[in-house]
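Report on the following structure.
The values are calculated or read from the model by the stated rules, or taken from the named source; none is laboratory data. Here the structure is a predicted model, which is why all the values come from computation and not from measurement. Don't worry about glycine lacking a Cβ; one is built from the backbone with ideal geometry, like all the others, and counts go over all protein chains shown.
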Amino acid sequence: MYLAETHKQSGKQYYTDGKPEVMFMVANNSGLVLNLGEYSDKAIKVLEHKVTRNPLYLHSHVQRIYLYRQIKNGAALYGALLDLFIALYNKGFDIRQRLLFESKWYLEPQHFDVLYNKLSTGVKSSDVVPLSQYSLLSQGLIGTLNLVISDNRETKHIPRDPQREAHEYLEYGEVDEARKLLEEAVLKEPWRKELHTDLLEIYKATRDASNCDDMYRRLSDKFIPDHHAWIQTAEHIRQSVGDIDG
């Protein structure tokens, strides 16, 4: 048996009997995205060990999340995100929020919803949440996504995702209600590009130049994921209205 070192763009990679030692490939990769191809499964095992051994080492959490996104394993991705939420509890809001929304399209809607509703409060390992066989830090308590029962036995509904609620309004032809809901959501969560996209589609379809311009002014002091989309929509509306007037 021999051990040889080769230098790649991502740093050192170690080989034993001509096969790469994945443990060293992961340990010596300072990047967040691991492009390991056929060795992804072994890399996941290494990262699981690292997360279990040191839950507060965020680098391992992020590499694990990105790796599950790479292989498009939504169930495992939920477990990895859940572990990140548990490790940080109510700290690191920005990173939890960013990774959750980046992962949205790979997750089951109910899994996204439960983590979305835990953004402000955080998650404890003992919290009652949907079970994930991929979670390493959860105590595995199973919960419902629909209701939360408080100590005084009152029932409270968990807040719903505004995008989904707006789509339901649109399905019933309630365009104004959908527009108002999305306007409020965009002001509250301006980093969510998909909310902007849906709202702009409504403005475009209804040729609503007034509300489009007003919302753009109200967003002037906030982060806008795509300024060009707002400008392009406003120009499209003005051209459409001009064509009708002409």
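Put simply, of Ser210, Ser220 the only residue that is within 26 Å of the chain's Cα centre (by Cα), farther than 30 Å from Leu84 by Cα, loosely packed, with under 14 Cβ neighbours inside 10 Å and modelled with pLDDT of 85 or more is Ser220.
Output the number of residues of the range 58-106 satisfying the condition of being outside any helix (DSSP H, G or I) and of a type in the set (A, V, I, L, M, F, W, C). Looking only at that region, the number is 1. Residues of the range 70-97 that are at pLDDT 90 or above and of a type in the set (Lys, Arg): Lys91, Arg96. Lys45 passes every criterion in (1) out of contact with any helix residue (DSSP H, G or I) (no Cβ under 6 Å at 6 or more places or on another chain); (2) buried (at least 17 other Cβ atoms within 10 Å of the Cβ); (3) outside any loop (DSSP other than H, G, I, E, B) apart from (2). With respect to the conditions (1) modelled with pLDDT of 90 or more; (2) charged (D, E, K, R); (3) farther than 22 Å from Lys45 by Cβ, Arg153 lacks only one, and its number is (1).
Total residues in the range 190-225 satisfying the condition of being within 20 Å of Glu102 (Cα to Cα) and touching a residue at least 24 places away in the same chain (Cβ under 8 Å): the figure is 13.
For Gly18, indicate whether it is at pLDDT below 80 and within 30 Å of Glu189 (Cβ to Cβ). When the stated conditions are applied, Gly18 does not pass them.
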